There are 2 protein chains.
Amino acid sequence: MGLDPEITRLPASVAGAADPIFEFNRRIIDATHKYTAAYKPNFAFYESYGQKGMAALDKTVRYINKLDTNIFIIADAKRGDIGNTSKMYARAVFGEMPFDAVTVAPYMGEDSVTPFLSYPGKWAIILALTSNKGADDFQYHTDKGQRLFEKVLSLSQRWGTTDNIMYVVGATRAEMLAGIRKIVPDHFLLVPGVGAQGGSLAEVVQYGMNRQCGLLVNSSRGIIYADSSENFAETAGEKAREIQEEMAIYLAKRF
Amino acid sequence: MGLDPEITRLPASVAGAADPIFEFNRRIIDATHKYTAAYKPNFAFYESYGQKGMAALDKTVRYINKLDTNIFIIADAKRGDIGNTSKMYARAVFGEMPFDAVTVAPYMGEDSVTPFLSYPGKWAIILALTSNKGADDFQYHTDKGQRLFEKVLSLSQRWGTTDNIMYVVGATRAEMLAGIRKIVPDHFLLVPGVGAQGGSLAEVVQYGMNRQCGLLVNSSRGIIYADSSENFAETAGEKAREIQEEMAIYLAKRF
């Protein structure tokens, strides 16, 4: 579940709180954590409120950890830089903050990714085929029949293991999942884009599930902004439960 | 000039200050600003120290602006996400903090870049061919004779103008600059990698300079860590002056 708070979209009772971003998150988390395998705060939403935003992010991650240490927490930060610099980004999310995983942009190649793989029990989630329109611009660039996102999948899996690398594949590209599963049959996939972006959970499961499930399916705006009234948290809980129950049916059929 | 402070590399008098990161930067800036067209703090180094680090970054940017409003300040953050999220990253660097430019990773395509172009007078600096070894992994992926970094250059220049887009081309790839200049003859290029990474300023100028100069050449570790003693700031000033004087000779020959 994405935790992407926008101050302009917060209900009055939350907007007036001492720490509105954290207060929004806390109420959403309280209402949804029973149905949620992982939370994924996107850093942009916190950075856009400066130091207060980053303090609220830090508080949010620690709040989730305290509530339930089994919940996986993803730093959706799309980081990546030359080796000595990615090392610093890894320290930011795994050393300074207790995230379990971070999303990583692959453009700069191996040394930009491997520093995120040196923390035991932590994960790098590498962008492969993203959910947005701009994915068409470069991710399909094709060298000898191999598209760029396929090259990213096939090359980068050598840098780590199925226990420290996952890949981002947008739900809006669900029909591509069958081909992607031929390249990475065993890796977990983080699949954003169900909900507001229009992706279908049924299709994601049909094409993307493997024998361990292998899917972390994300919805952000479809849950947290399903209701703009003071009942937002209750509605978010219902939306999270709906998706969890739909997923439970698919899991029961398969396992 | 890169401002990438690492606490483990700071001299004792700085390490003991109340705000060691800012104190290091302030002394470096005081000693170098006369020779410096632009400062480029890399966000990873600040994020790795958590909220204190980000506070020191904010203070640093405001300090430079107060000292000399003509100095250009680049948020080296390699950001990029789906459109509604990149909009938030743009607000973080241009709204919350007074940066003039931000480095952007192009993997996610047009909608991940254009939100950075909607701030008048501000710049997006798009990664094209980077200075690190990992650049070989994906940036040379070749579709119908066009390498990925060439596709990035040719496609993305349509999203903005020569007044709001620059490109990153590593100094360690100086021989590639001649070909790159055929695709982007008029854009400014940010060229990191002179100094510690081994790039040559003479070659960068030879292959990359255009009729407006069109080059922002960066050195980070070669200046700020040239001297680990208490004289670090004085030595940094000398190193910055050396590069500035070498550049002045090339400029005088050409203009």
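Please treat every number below as a calculation from the coordinates, not as lab data. Treat the numbers as computed from the prediction; the structure is a model and nothing was measured. So basically every Cβ, Gly included, is an ideal-geometry build from the backbone, and we count neighbours across all protein chains shown.
Quick notes on this structure:
- Degrees between helix A:232-254 axis and first principal axis of chain A (Cα, 0 to 90, nearest 10): 40 degrees
- The fraction of Cα-Cα pairs per 5 angstrom bin, counted from 0 for the range B:119-162, comes to 5, 20, 26, 20, 14, 9, 5, 1 percent, rounded to whole percents.
- Our note on the geometry: Cα centres of the range B:50-69 and the range A:194-225, 41 Å apart.
- Note on the protein assembly as shown: Cα-only Rg and Dmax are 22.8, 74 Å.
- Rg/Rg_globular for the range A:191-248, with Rg_globular taken as 2.2 N^0.38 Å and Rg from C-alpha atoms: 1.20
- Cα-based Rg and Dmax for the range B:2-254, where Dmax is the largest Cα-Cα distance (Å): 17.8, 57
- Inter-copy separations for B:Gly145, label at 7 Å along Cα-Cβ, nm, ascending: 2.3
- If you model the range A:44-129 as an ellipsoid using its alpha carbon gyration tensor, with each semi-axis the square root of five times an eigenvalue, the axes come out at 22, 15, 11 Å, biggest first.
- Least to most buried among B:Ser13, B:Ser86 (fewest other Cβ within 10 Å first): B:Ser13, B:Ser86
- Longest exposed-site-free window of chain A, the sites being trypsin sites (Lys or Arg not before Pro) in a DSSP loop that have at most 10 other C-beta atoms within 10 Å: A:1-143
- Take every DSSP beta bridge whose two residues both sit in the protein assembly as shown; close to 10 percent of them are antiparallel.
- Against the main long axis of the alpha-carbon atoms of chain A, helix A:50-67 sits at an angle near 90°.
- Listed by chain and number, the lysines whose C-alpha is less than 23 Å from the C-alpha of B:Lys239, apart from same-chain residues fewer than 8 away, are B:Lys34, B:Lys40, B:Lys253.
- Take the Cα of B:Lys133, step 7 Å toward its Cβ, do the same at B:Ala248, and the gap between the two points is 3.8 nm.
- A label point on A:Arg158, set 7 Å along the Cα-to-Cβ line, lies at 3.4 nm from each of its counterparts in the other copies, closest listed first.
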